[in-house]
Amino acid sequence: MNKYTIIGGGPAGLSIAYYANKKGLKYNVFEAGNKVGGNCITIEENGFYFDSGAHRLHNKDIETTEIFKNLLKKELKEINVPSQIFIDNKYVDFPITPLNLVKFLGINNFISEGIKIIFTNLIKNKNACNFKEHVISIYGKKIAELFLINYSEKLWGLKADKLSIEISGKRLKGLNIKTFLLESFFANKIKTKHLDGSFLYPYYGIGTLFEELARHINENNIKTNSRVTKIVHKKNIIKSIIINNKELPVSNLISTIPLDRLILCLSPPPQKKIIDIVDSIKFRHVILIVFFLDKKSVNKNGSMYFPSNDFPFTRIYEPRNRSKFMSPKDKTSLVVEIPCFSLDESWQMNEENLINEIQAKLIKINLFKKSEIIGSKSYRINNAYPVLEFGFNEKIDKIHAYLSKFKNLKISGRNGLFAYTHIHDQFINARKIIGDI
Ligand SMILES: Cc1cc2nc3c(=O)[nH]c(=O)nc-3n(C[C@H](O)[C@H](O)[C@H](O)COP(=O)(O)OP(=O)(O)OC[C@H]3O[C@@H](n4cnc5c(N)ncnc54)[C@H](O)[C@@H]3O)c2cc1C
């Protein structure tokens, strides 16, 4: 009876299945959707391919990289494309570096902001506890507001003083004297590397990674169109799950589905205080608007970031800049990401009106002409980001403490653990989980 039941066929569920398969364990994966990959898939439309948001495989965990190199062979390529921020009608390299700050601010402003940064760091607010205080204490008010605060507020849907510092990422990692000198004296290669523009990408989109992974592990063990609607437990043991009105006994359960859904599936349900905490955590969704274009190329960027509130979107990417196979010959496409909550205007808006609104903005900033559009499409990504609100850790710790009482339950995944994690993190977690068994 030592079988492992994995709920969710996204990167987290499949990576657990991969290691379970490797270890010779018995397992099953149940996925609600009609294909694997979760929020990490590629969609095809008339010969154009686009991902569920601008994905790249970061070469950050040797074992994850090796797994995919072995699976995809020459169809997994190293890509070098830097990204840029669109601000005041100009493009600035991303993450921000001293050299492009000089270009953007002008030398006088750069020096005065530099002095302020040194001064701010001397009297650094060591008690900075939210994202806004944190970035202002490092980069000074002007740079923080220009490049970080507005963008983050758009992405996460909360004021920056309500966000945890854990959303920071590596956006300003190049801002130091060493990179300034390297960048000034050496060519683009160094620049691209430290701008995080170096990553791995499959010929036909990020989704290929998980389609191939599913093929490699025993596909018969993966059941799609299998939404778990109830998880039955007794005396701190998970006994069974309900899928399509059928009850299946469970000996060990590994859940990678969003934390709130896991809690709401539990039967009997937990005490009200746990339900109340779950009700207070938020997930951010993303709407993708894709334009298929009759032109060879828009520009060379990996991604373009839009901090200004003049645009409802945060990021645009051109799939062809990751792989030439992502669009038919001499054609290209742009994918626009609009983060929102389900009650926001964009999420509620009629698809055609939203496409028209975005189209007008992109034409205005000269990304393409109306005559070049040969089609458009919208696609919704549910639960794209767990919202790391200031103080979220205490809430999540309480939910995890409650779940830890189930002796045969483990959890993983970005929304499962409520952590801002990436593909390689799912593999690292999967190794830990299967290694512990
Ligand atoms: C816009 C965007 C850009 C990103 N860019 C990158 C990037 O560049 N590099 C990178 O490494 N990562 C990136 N990520 C993160 C990456 O996509 C996630 O780390 C990854 O998808 C998380 O995998 P997961 O399995 O935890 O969750 P998911 O991918 O969300 O998969 C969860 C699965 O569970 C299924 N499910 C839900 N409820 C049930 C149920 N009741 N029963 C059965 N199945 C259920 C869902 O259908 C889904 O397939 C990005 C994410 C987004 C949204």
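Brief remarks on what is shown
- Around the Cα centre of the chain, unit charges on the Cβ atoms of Lys, Arg, Asp and Glu (plus for the first two, minus for the last two) sum to a dipole of about 980 debye.
- Shape class for the chain, computed from the alpha carbon gyration tensor (a ≥ b ≥ c): prolate, with a/c not under 1.5 and a/b above b/c.
- Working ranking of peptides 13-19, 3-9 by packing, defined as the average number of other Cβ atoms within 10 Å per residue, highest first, is 13-19, 3-9.
- Nonlocal amide H pairs with ASN59, under 5 Å, H built at 1.01 Å: LEU200
- Rounded to the nearest Hz, the phi-derived 3J(HN,Hα) couplings of the stretch 390-397 under the Karplus curve 6.51 cos²θ - 1.76 cosθ + 1.60 (θ = phi - 60°) are 3, x, 5, 4, 5, 5, 5, 4, where x marks glycine and proline.
- For ARG284, the residues whose amide H sits under 5 Å from its own are ALA384, TYR385, VAL387, ignoring neighbours fewer than 5 places away on the same chain, with H placed 1.01 Å from N.
- Contact order relative to length of the stretch 320-437, as percent, for alpha carbon pairs under 8 angstrom and 6 or more apart: 14
- For ILE374, nonlocal amide neighbours, meaning residues 5 or more places apart or on other chains whose placed amide H falls under 5 Å from its own, are PHE292, LEU293, ASP294.
- Positive dipole terminus of the chain, leading residue within GLN84, TRP347, HIS216 (C-beta point charges): HIS216
- Using a cut-off of 22 Å between Cα atoms, the listed pairs LYS246/LYS272; LYS273/LYS395; LYS273/LYS405; LYS35/LYS234; LYS77/LYS324 include LYS246/LYS272; LYS35/LYS234 as exceeding that distance.
- Rounded, prolate or oblate (a/c below 1.5 giving rounded, otherwise prolate when a/b exceeds b/c) for the stretch 201-328 by Cα gyration tensor: oblate
- Rounded to whole Hz, the Karplus (6.51, -1.76, 1.60) HN-Hα couplings of the stretch 359-373, x for glycine and proline: 3, 4, 5, 6, 5, 4, 9, 6, 7, 7, 9, 4, 5, 8, 7
- Ordering PHE291, PHE313, PHE368, PHE325 by the number of other Cβ atoms within 10 Å of each residue's own Cβ, fewest first, gives PHE325, PHE368, PHE313, PHE291.
- The chain - percent relative contact order, Cα under 8 Å, separation 6 or more: 25
- Evaluating 6.51 cos²θ - 1.76 cosθ + 1.60 at θ = phi - 60° for every residue in the stretch 299-316, the Karplus couplings come out as 7, 9, 5, x, 9, 10, 10, 10, x, 6, 6, 5, 10, x, 9, 9, 8, 10 Hz, glycine and proline recorded as x.
- Ranked ILE411, ILE242, criterion: other C-beta atoms within 10 Å, fewest first: ILE242, ILE411
Read the figures in this text as sums done on the coordinates, not as results from a lab. Since this is a predicted model, take the numbers as computed values, not measurements. Every residue, glycine as well, gets a Cβ built from its backbone with ideal geometry; the counts of neighbours run over all protein chains shown.
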